[in-house]
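The values are calculated or read from the model by the stated rules, or taken from the named source; none is laboratory data. Note that this is a predicted model, so its numbers are computed, not measured. All Cβ positions, even for glycine, are placed from backbone atoms using ideal geometry, and neighbour counts span all protein chains on display.
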């Protein structure tokens, strides 16, 4: 899955639409005996792997479930602290599931507003007048492409770095937005987009763009 | 004009007659609902405004035009691209003031009034196509250009041509600071 997610941000910087397109990353579940050879530490509201990467369990993965029951942040389902639980040899052998923690919707809202502010700063820092703002943010694992329309709406697509044709995809998403969100008389401007047709057409456009893939021009 | 998923982009055209008739029915109903012409005009303008704020994104998405750098570029864009795309006619543009913020669009053909020959006597100050004014006003507002749009001349009222006047309300220097 080369396109990871799509974000639509309104003029005020609020997230009005978000779609996660990637297949859920494989979680790894393993049985461990005392002592645990992974180093765990608390991070925000979760327990993450700090060191000891092996067998598909990577640094940064969070503890998702213990013995089949999902953990609640840093506590097990019965309210015990996860680190305490795993420090007690009486609880072993134990089966722990590790995986990448998914962003919650609040976190996504915050990140979208932060990007909106960065975008505004970016266009003001520009040495030339009339800058387009941040168009692409590149990292080693993904590229974030952003397109701001003349009306102030931002469309962001997070994709694989090798994925091509994202510019055309962004324009296509703009068209889909202007068709299925704006032309829907019951959709109020600047509000979260809850239109079924918009979802369907967007997913279709993403699939088309992915099929065109890194080997040729996007659709 | 709805596009069903899975189909290639085809332009499903609804008959123009249907649209012109719908518009006529709308105006006729508004005339029944409101006694005063100004109320009907205001209502049409408001409806046009809510169309314009949505239509602008459709226009920008389909025409992929670049940001206009001056008022005259903007008005040219409205006349040559937008009117052509949505109404099918290309009005001529003229600049009315030395300050460069008052323009006119002169339409010799207006498809909306194809079937109307003249206004009834009791509706002498009705602006039949006021919806168009609202559309232009709404669309301009979404790209941060405040404007007043009115009919300066109307063939239905006996004038020679139909003329839409666009007056931009902000000074051109202010535009540079309006970003994001």
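Working only within segment A:50-72, note down all residues that are assigned to a strand (DSSP E or B) and out of contact with any strand residue (DSSP E or B) (no Cβ under 6 Å at 6 or more places or on another chain).
Residues satisfying the conditions are A:54, A:69, A:70, A:72.
For segment B:97-112, indicate whether the set of residues that are closer than 26 Å to residue A:151 by Cα and within 14 Å of chain A (Cβ to nearest Cβ) is non-empty.
no
Among the helices (runs of 4 or more DSSP H) lying completely within segment B:9-96, list those that include at least 3 residues that are touching a strand residue (DSSP E or B) at 6+ places or on another chain (Cβ under 8 Å).
Hits in segment B:9-96: B:71-77.
The conditions are (1) touching a helix residue (DSSP H, G or I) at 6+ places or on another chain (Cβ under 7 Å); (2) buried (at least 16 other Cβ atoms within 10 Å of the Cβ), and residue A:162 fails exactly one of them. Which is it?
(2) is the only condition that residue A:162 fails.
If I filter segment B:123-130 for residues that are part of a helix (DSSP H, G or I) and surrounded by 19 or more Cβ atoms within 10 Å (Cβ to Cβ), do I get at least one hit?
yes
Would you mind stating whether residue A:167 is in contact with a strand residue (DSSP E or B) (Cβ under 9 Å, 6 or more places away or on another chain), within 18 Å of residue A:5 (Cβ to Cβ) and modelled with pLDDT of 90 or more?
Judged against the criteria, residue A:167 is a match.
Hey, can you tell me all the residues within segment A:44-61 that are within 23 Å of the chain's Cα centre (by Cα) and under 17 Å from residue A:87 (Cα atoms)?
Answer for segment A:44-61, where residues must be within 23 Å of the chain's Cα centre (by Cα) and under 17 Å from residue A:87 (Cα atoms): A:46, A:47, A:48, A:49, A:50.
So which residues in segment B:137-177 are modelled with pLDDT of 90 or more, within 13 Å of chain A (Cβ to nearest Cβ) and either in contact with a strand residue (DSSP E or B) (Cβ under 7 Å, 6 or more places away or on another chain) or surrounded by fewer than 20 Cβ atoms within 10 Å (Cβ to Cβ) (or both)?
Matches in segment B:137-177: B:140, B:141, B:143, B:144, B:145.
How many residues, within segment A:92-116, are in a loop (DSSP other than H, G, I, E, B) and either within 22 Å of the chain's Cα centre (by Cα) or crowded, with 16+ Cβ neighbours inside 10 Å (or both)?
Total satisfying the criteria: 5.
Any idea which of (1) out of contact with any helix residue (DSSP H, G or I) (no Cβ under 7 Å at 6 or more places or on another chain); (2) assigned to a loop (DSSP other than H, G, I, E, B); (3) on the phi < 0 side of the Ramachandran plot is the one residue A:79 doesn't satisfy?
Only one criterion in (1) out of contact with any helix residue (DSSP H, G or I) (no Cβ under 7 Å at 6 or more places or on another chain); (2) assigned to a loop (DSSP other than H, G, I, E, B); (3) on the phi < 0 side of the Ramachandran plot is unmet by residue A:79, namely (3).
Of the residues B:36, B:32, B:67, only one is exposed (fewer than 13 other Cβ atoms within 10 Å of the Cβ) and within 14 Å of another protein chain (Cβ to nearest Cβ); which?
Answer to the selection: B:67.
Anything in segment A:12-43 that is over 20 Å from the mean Cα position of the chain (by Cα), surrounded by 18 or more Cβ atoms within 10 Å (Cβ to Cβ) and either closer than 29 Å to residue A:136 by Cβ or touching a residue at least 24 places away in the same chain (Cβ under 8 Å) (or both)? List them, or say none.
Correct list: A:40 only.
Is it the case that some residue within segment A:79-91 is touching a residue at least 12 places away in the same chain (Cβ under 8 Å), surrounded by 13 or more Cβ atoms within 10 Å (Cβ to Cβ) and within 11 Å of chain B (Cβ to nearest Cβ)?
No: zero hits.
Under the condition of being farther than 17 Å from residue A:7 by Cβ and more than 10 Å from chain B (Cβ to nearest Cβ), which residue from segment A:200-214 is surrounded by the fewest Cβ atoms within 10 Å (Cβ to Cβ)?
Only one residue tops the list, namely A:211.
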